[in-house]
Amino acid sequence: MNQWNRELFSGTNSVALRFDFCTLPFHPKSVRMNINLVSDTVTKPTPAMLLAMMSAKVGDDVFGEDPTVNALQDKAAVLFGKEAALFCPSGTMTNQIAIKVHTQPLDEVICDHYSHIYQYEVGGYAYNSGVAINLIAGANGKITAGQVASAIKPVHDWLPLSRLVVLENTANKGGGSIYTLDEVRPIRQLCRERGLALHLDGARLFNALVETGESTLDWGAEFDSISICLSKGLGAPVGSLLLGNQDFIKQARRVRKVMGGGMRQAGYLAAAGIFALENQVERLRDDHRRAKVLGETLQRLPWVADVRPVQSNIVIFDLVPPLTAGAFLKKLSENGVAGTSFGPATVRFTTHLDFTEEMLGRVVEVLGKLVF
Ligand SMILES: *Cc1c(COP(=O)(O)O)cnc(C)c1O
């Protein structure tokens, strides 16, 4: 347990959630205003989400008999105009399943060099699928059709076969940058012409869509498969969705099982996902507004060298040498604020459901007072 959790669960300030059959302790968001900007995965379910989870009808999902999991999968498939969906424990699993189903060993995946599938999934593309990776140095985590066209390899016995392109929206390490459909469509067209599959790592796709106003249906139409995280900005405790056509999802179910991701009464978790999709999408705009305030505040500080353009809920900034991320984060944590290092002198802040307006005011105040 890190210091943030220890504070939250010290129990000094807990209230109770009352049901007609029991009373549960409910731990409030913050006891001493410790502020966690490490990730949008640190959120806790709200009382309303917990209620939805506790009221879920469940069954054994390995047999396809959990009504709440089925309802979540159907809801997501309809939302994106896809034939089917699969509920999985994590976004790493949905991405890894997609790579496995789209490729054969000796194929290669083309993606930006900042991609989550390359940076943060333990090299799983090689381990799980036996494929190579062909990295493109894009701009802020985004690549263009022209770059993909140059990256696709000719067919020779001695080269891996270019088989799959993966895009990430929003692009995490790119600073939460956003793709528009106008940027994606030429890539889709190219993939069609050259016989490559196109997968979207949409861990934070809803963050992008509330900004652009583009529709889930239009995004669904441009990809062979899409991964969506419910446990990031959407605020569910666990879970990701993989979307595709019937045949793809049928194969994906088998791969999920061999990866150990077949869950039993997972409807308790799926209920949180349904609640998140119905109640916690529009509010992502609040996270974006707060991230912009953080970005503008940082820009004015003498010890900040550069802030990447803030387009969603992620703020990545570089420190002026010799200040290091480690030294900065230590000082920050002494003031009750946690962030994360994204390089020797690079820091990431991520805003989320449990980061309130009051906390924003406090962070702006703390940043203004720090001297290096
Ligand atoms: C978080 C994330 C994932 C999946 O992460 P899990 O922690 O395995 O759920 C995938 N892609 C991106 C861009 C992410 O930020």
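Listing for the model above:
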| read-out | value |
| --- | --- |
| Two-site label geometry, Glu83 and Ala305: point separation in nm, points 7 Å out along Cα→Cβ | 5.1 nm |
| Which of Ala84, Val184, Leu161, positive extreme of dipole for the stretch 51-279 (C-beta unit charges) | Leu161 |
| Under Karplus coefficients 6.51, -1.76 and 1.60, residue-wise ³J(HN,Hα) of the stretch 356-372 in Hz, glycine/proline x | 8, 4, 4, 5, 4, x, 5, 5, 4, 5, 4, 4, x, 8, 5, 10, 10 |
| Karplus-derived 3J(HN,Hα), 6.51/-1.76/1.60, for each residue of the stretch 288-299, Hz, glycine and proline x | 5, 4, 5, 5, 5, 4, 4, x, 5, 4, 5, 3 |
| Segment Lys44-Ala126, extension gain: residue separation times 0.36 nm, minus the distance between their alpha carbons | 26.2 nm |
| Net charge, Ala266 excluded, C-beta distance under 14 Å - Lys, Arg +1, Asp, Glu -1 | +1 |
| Contact order relative to length of the chain, as percent, for alpha carbon pairs under 8 angstrom and 6 or more apart | 22 percent |
| Between the stretch 261-307 and the stretch 176-206, the alpha-carbon center distance in angstrom | 22 Å |
| Length released on extending from Arg192 to Met54, taking residue separation times 0.36 nm less the Cα-Cα span | 45.2 nm |
| FRET efficiency, Ala221 to Lys257 (Cβ-Cβ, R0 25 Å, nearest 0.05) | 0.30 |
| Cut-off 18 Å, label 7 Å out along Cα→Cβ of Met33, residues of the stretch 330-344 by amide N | 332-339 |
| Interchain or long-range residues, amide H under 5 Å from Asp107's placed H | Ala132, Leu161 |
| Point-charge dipole on Cβ atoms (K/R +1, D/E -1) for the chain, about Cα centre, debye to 20 | 620 debye |
| Computed helical MRE - 222 nm, the chain, DSSP H runs ≥ 4 contributing -39500 (n - 2.57), nearest 500 | -12000 deg cm²/dmol |
| Label zone at Glu278, where the point sits 7 Å out along the Cα-to-Cβ direction: the stretch 209-247 residues whose backbone N lies under 18 Å | 230-231, 234-238 |
| In sequence order, calculated HN-Hα J values of the stretch 209-215 (Karplus, 6.51, -1.76, 1.60; Hz; x Gly/Pro) | 5, 5, 7, 7, x, 6, 9 |
| Entries in Lys330/Lys369; Lys100/Lys257; Lys57/Lys250; Lys82/Lys232; Lys44/Lys232 that, when Cα-Cα distance is taken, lie over 19 Å | Lys57/Lys250; Lys82/Lys232 |
| Residues whose placed amide H lies under 5 Å from that of Ile35, excluding near-sequence neighbours | Val337, Ala338 |
| Length-normalised contact order of the stretch 140-250 in % [C-alpha pairs under 8 Å, at least 6 apart] | 22 percent |
| Cross-link reach list, aspartates and glutamates versus Lys75, counting only Cα pairs under 12 Å and skipping chain neighbours closer than eight places | Glu83, Glu278 |
| Projected-area average for the chain over all orientations - Cα convex hull basis, square nanometres | 19.3 nm² |
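Each reported figure results from applying straightforward, stated rules to the coordinates on display, with no laboratory input. Keep in mind the model is a prediction, meaning the values are calculated, not measured. Positions of Cβ are generated from backbone atoms using ideal geometry, with glycine treated the same way; all protein chains shown enter the neighbour counts.
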